[in-house]
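Below is one structure, written out as structure tokens; comments come after it.
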Amino acid sequence: MTKIVLRLILPIVCFTLVACGVAPDAVQAESRLFLPLSLEFLDSYTLPKQAIEDLPVGGISDLTYDRQRDVYYAVTDDRRSPRFYTMHLTIVPGQEGTGIAKAEIVKMTKLRTSGGETYGRQLLDPEGIALSPRQTLFISSEGVLSSQSPPLIAEFDPQTGQELERLPLPNRFLPQADRPQGIRDNLSFEALTIAATSTLADDPFRLFTATESVLDQDFDPDNPPKEIPLRWLHYVINSVGAPVLVSENLYPLDPAPAGTLLHGLSAMVALPREGYFLTLERTLGLTGFQGKIFQTVNANATDTSRIVSFQPGTNTINPMRKQLLFDLEDLGIELDNLEGITLGPRLPDGSTSLIAITDDNFSGDQSTQILLFRLQGV
């Protein structure tokens with residue numbers, strides 16, 4: 001959940017990367033890395049305020065689409081009672097274009113430990129969710145540092161909500177009492193996606209996640225970077241062994257705009273072509289919420305898993321490449337707290353849909369917005 005409080009935002013100076021100061025021919029080569037994508041806004045829908053079993057529906061931080069059942073799983077970041085919703089969207093063509101006719105919450109499922117007990121208060125802060133080919137849900141938690149609850153990425157049963165397996169996290173992501181290291185409070189694993197080349201349950205697939213903001217050891221407050229360096233993790237998961245972390249890359253988060261209160265990477269979704277993603281960077285400033293969607297590529301990015309720190313001047317690193325696809329400020333509508341994106345069903349014209357959703361922070365002054373886009377070029 002994005003808490004509406006003032007936080008320290010990193011000042012902006014230069015960060016030394018191979019991508020800085022590239023020659024014209026390198027710029028042309030980089031442009032050929034990207035797919036010819038386009039994103040067209042179609043509709044906005046506001047989910048009515050409601051409650052299920054005396055728990056308010058809200059705080060939605062991410063969603064994922066189940067194509068077989070034509071439903072979405074949407075995770076809420078309520079630390080008091082971690083849970084996810086099963087949601088159905090009715091997308092129909094109309095005289096003024098394709099739009100969302102209705103959004104309906106059809107089920108609520110509480111997250112349970114591997115022992116089958118519901119998670120207690122202040123143990124999880126769920127942020128990312130992705131459906132796997134074996135019809136399980138992977139969910140990331142930022143952890144709750146105040147209760148010494150560490151971050152986690154785990155697999156859950158979508159019917160019972162019970163935890164099945166945890167992914168190993170490198171020690172560098174875990175806070176240490178004796179030195180600056182690891183995630184910072186409420187700035188951990190916000191984004192999560194799965195890339196699969198097969199729908200067969202026994203075939204291996206890949207999971208990607210990244211921190212919302214920079215780790216403690218990766219910046220110097222007296223000499224901070226221009227682009228904020230995030231660590232992007234790449235796992236391979238299969239049915240015959242434990243999940244394996246195969247690599248890590250540097251994702252360059254855009255500088256925080258002037259007057260920013262909150263800024264970070266809030267969501268990602270893998271595209272059908274291997275190595276290509278969409279990423280959502282969300283900002284809260286003095287004038288409200290903003291968001292940008294980028295096409296992101298991990299080709300030729302340096303494996304940073306053995307690099308202790310990203311502080312400027314310590315390493316030469318090829319970062320992941322990204323290209324602005326859509327500035328949500330151009331929509332001309334008042335945006336809320338965008339936190340989740342997923343590829344949805346095919347639209348009537350055969351193109352791919354992209355669904356974005358906002359986190360209302362359980363506030364009466366905010367809303368759960370659902371935005372519908374047409375994505376072409378995938």
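The values are calculated or read from the model by the stated rules, or taken from the named source; none is laboratory data. Bear in mind the structure is a predicted one, so any value in this text is a computation, not a measurement. Positions of Cβ are backbone-derived with ideal geometry, glycine not excepted, and every protein chain shown enters the neighbour counts. All accessible areas refer to the heavy atoms of the entire protein, side chains included, with ligands and DNA or RNA removed. Shrake-Rupley method; radii C 1.70, N 1.55, O 1.52, S 1.80 Å.
A few comments on the model shown:
- Scanning segment 121-138 for residues that are without any contact (Cβ under 8 Å) to a residue 60 or more places away in the chain and basic (Lys, Arg) turns up just one, 121.
- Single residue of 196, 242 found to be under 29 Å from residue 135 (Cα atoms) and open to solvent by less than 60 Å² (accessible area, probe 1.4 Å): 196
- Selection over segment 118-174 of residues that are in contact with a Leu (Cβ under 7 Å, 6 or more places away or on another chain), in a loop (DSSP other than H, G, I, E, B) and open to solvent by 50 Å² or more (accessible area, probe 1.4 Å) gives a count of 2.
- Checking each residue in segment 163-182 for being acidic (Asp, Glu) and either without any contact (Cβ under 8 Å) to a residue 24 or more places away in the chain or in contact with a Ser or Thr (Cβ under 6 Å, 6 or more places away or on another chain) (or both) picks out 163, 178.
- Any hit, segment 17-37, residues being at pLDDT below 95 and open to solvent by less than 30 Å² (accessible area, probe 1.4 Å): yes
- Look at segment 109-120: where a residue is farther than 13 Å from residue 83 by Cβ and a partner is open to solvent by 30 Å² or more (accessible area, probe 1.4 Å), sitting 6+ places away or on another chain with Cβ atoms under 6 Å, you get 116/162.
- Residues located in segment 245-279, provided they are open to solvent by less than 20 Å² (accessible area, probe 1.4 Å) and polar (S, T, N, Q): 249, 260, 266, 279
Each row is one residue, and each column tells you yes or no for (1) part of a strand (DSSP E or B); (2) touching a residue at least 12 places away in the same chain (Cβ under 8 Å); (3) more than 17 Å from residue 320 (Cβ to Cβ).
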{"site": "256", "(1), (2), (3)": "no, yes, yes"}
{"site": "265", "(1), (2), (3)": "yes, yes, no"}
{"site": "274", "(1), (2), (3)": "no, yes, no"}
{"site": "279", "(1), (2), (3)": "yes, yes, no"}
{"site": "284", "(1), (2), (3)": "yes, yes, yes"}
{"site": "290", "(1), (2), (3)": "yes, yes, yes"}
{"site": "293", "(1), (2), (3)": "yes, yes, no"}
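- Residue in segment 100-117 that is least open to solvent (accessible area, probe 1.4 Å), counting only those that are in a strand (DSSP E or B) and either under 17 Å from residue 138 (Cα atoms) or out of contact with any strand residue (DSSP E or B) (no Cβ under 8 Å at 6 or more places or on another chain) (or both): 109
- Top-ranked residue of segment 338-378 - restricted to ones that are of a type in the set (D, E, K, R) and open to solvent by 10 Å² or more (accessible area, probe 1.4 Å), ranked as modelled with the lowest pLDDT: 349
- Members of segment 320-337 found to be open to solvent by less than 10 Å² (accessible area, probe 1.4 Å) and of a type in the set (A, V, I, L, M, F, W, C), listed by number: 320, 328
- Lone unmet requirement of (1) assigned to a loop (DSSP other than H, G, I, E, B); (2) under 25 Å from residue 370 (Cα atoms) for residue 177: (2)
- Qualifying positions in segment 175-186 - under 17 Å from residue 214 (Cβ atoms) and open to solvent by 50 Å² or more (accessible area, probe 1.4 Å): 175, 176, 179, 180, 185
- For segment 295-330, a tally of residues being under 14 Å from residue 278 (Cβ atoms) and not in a strand (DSSP E or B) returns 3.
- Sole exception among (1) open to solvent by 10 Å² or more (accessible area, probe 1.4 Å); (2) charged (D, E, K, R); (3) in contact with a strand residue (DSSP E or B) (Cβ under 6 Å, 6 or more places away or on another chain) for residue 282, by number: (1)
- Looking across segment 61-78, the residues that are closer than 21 Å to residue 188 by Cβ and either open to solvent by 10 Å² or more (accessible area, probe 1.4 Å) or over 12 Å from the mean Cα position of the chain (by Cα) (or both) come down to 64, 73, 74, 76, 77, 78.
- Test: residue in segment 83-99 that is open to solvent by less than 20 Å² (accessible area, probe 1.4 Å), touching a Ser or Thr at 6+ places or on another chain (Cβ under 8 Å) and either at pLDDT below 95 or not aromatic (Phe, Trp, Tyr) (or both): yes
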